[in-house]
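Read-outs: derived from the displayed coordinates by stated rules, not from any lab. Quick caveat: nothing in here was measured; it's all calculated off a predicted structure. Here the Cβ positions follow ideal geometry from the backbone for every residue, glycine too, while neighbour counts run over all protein chains shown.
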Amino acid sequence: MKKVFSNYGSKFSSLCCNIFGHHYAVSKRVTFHIKEYKCIHCSKEVTTNVSGNLSELTPELQDINVTLHDLYQKRHRTTQNVA
């Protein structure tokens, strides 16, 4: 049987994204300014980089986002407890 699914969803969804562009929705809020997005059609994941542009979510960027999220949470937890 022929494989119907690619890395980012079905071939039809990937074709639609190639023609019309991706439709991203926020999948995770890392910090106030940095978010992870996922295409609702083909499941491609991207994140905001240092300059604020979207870049493909690599394992390295995922690790950076997890660490940044942990630091962000620790910082805001301590400031909320003091106030």
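Pull up all non-local amide H partners of K28: gap of 5 or more, or a different chain, and H-to-H distance under 5 Å with H placed in the peptide plane.
Those qualifying (amide H under 5 Å, at least 5 residues apart or on another chain) are E36.
So which GluC sites (Glu not before Pro) in the range 5-70 pass both tests, a DSSP loop state and at most 11 other Cβ atoms within 10 Å of the Cβ?
none
Under the 0.36 nm per residue contour assumption, what length would be gained going from the current alpha-carbon distance of V26 and Q73 to full extension? All intermediate terms of the calculation are to be shown ahead of the outcome.
Details: separation 47, 0.36 × 47 = 16.92 nm, distance 1.85 nm.
Contour length minus Cα-Cα distance gives 15.1 nm.
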